[in-house]
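Notes to accompany the following structure.
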Amino acid sequence: MRKTYPLRPEGKHPDRVLEAVKHDIRKYLKRERRRELPEGMHFWDFDCRFGASQEVAHVLHVAALIGELDTLAKTGAVQAYVEILARPAVRQPRDPASDTASAPAAQSADVNDPPSSPSITPAA
C-alpha cells in the first residue's frame, strides 16, 4: 500500500480524519496478515516508510507507525505519506546465551518487600 492521506480536508474535523487514517492502516495490516503464507514461511513482515511526503519519507518499524502519525498530525501537517509492503518471513531462533545475559536475575517475592507492620495481639 502506497498512499498519501490528506490530514486537513475541507469541512471535516481533523481528529476524525486522523482516526479514519489510523483505521485504514490497521484494516490493511489485518487484511494482509490473513493472507495465505507461502510454504515454509512463518509470518507476514512489513516494510514501512512514513513521512509528510514521499520525498521525505523515512523507514520505520510497523509498530511505530501510528505513533509517528500522531506526532505528524500534532505538528499541523497537511498530508501524510504511508508505504507498507508485506513480505513473508521466517522466525529466527533465539540465541540461548543472549537470553540468560539480558534476563534480570530471579528474586524471591519477599526480598524487596517492606517490612510488614507488627500484628497487634489483644492483652489478656
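Read the figures in this text as sums done on the coordinates, not as results from a lab. Remember, predicted model here, so these are calculated numbers, not experimental data. When we count neighbours, we look across all protein chains shown, and the Cβ atoms used for this are built from the backbone with ideal geometry, even at glycine.
What to note about this one:
- A cut-off of 5 Å between modelled amide H atoms, ignoring neighbours fewer than 5 places along the same chain, links A80 with Y5, L7.
- Going by neighbour counts of Cβ atoms within 10 Å, the residues D47, D95 line up, fewest first, as D95, D47.
- Per-residue HN-Hα couplings for segment 84-92 [Karplus 6.51, -1.76, 1.60; θ = phi - 60°; Hz; x = Gly/Pro]: 10, 10, 8, 9, x, 9, 10, 5, 8
- Under 5 Å between amide hydrogens, built in the peptide plane, is the criterion, and for D45 it picks out R87, A89 among residues at least 5 positions away or on other chains.
- Counting only Cβ charges, +1 for Lys and Arg and -1 for Asp and Glu, the dipole size of segment 55-94 around its Cα centre is about 320 debye.
- The separation of segment 39-69 from segment 1-38, counted between C-alpha centres, amounts to 13 Å.
- Residues in segment 1-24 reached by a label modelled at D70 [backbone nitrogen below 18 Å; 7 Å Cα→Cβ]: 14-24
- Computed FRET value (nearest 0.05) for K22 with V78, which takes r as the C-beta separation and R₀ as 25 Å: 0.90
- The modelled label-to-label distance between S53 and M41, using points 7 Å beyond Cα along the C-beta direction, is 3.4 nm.
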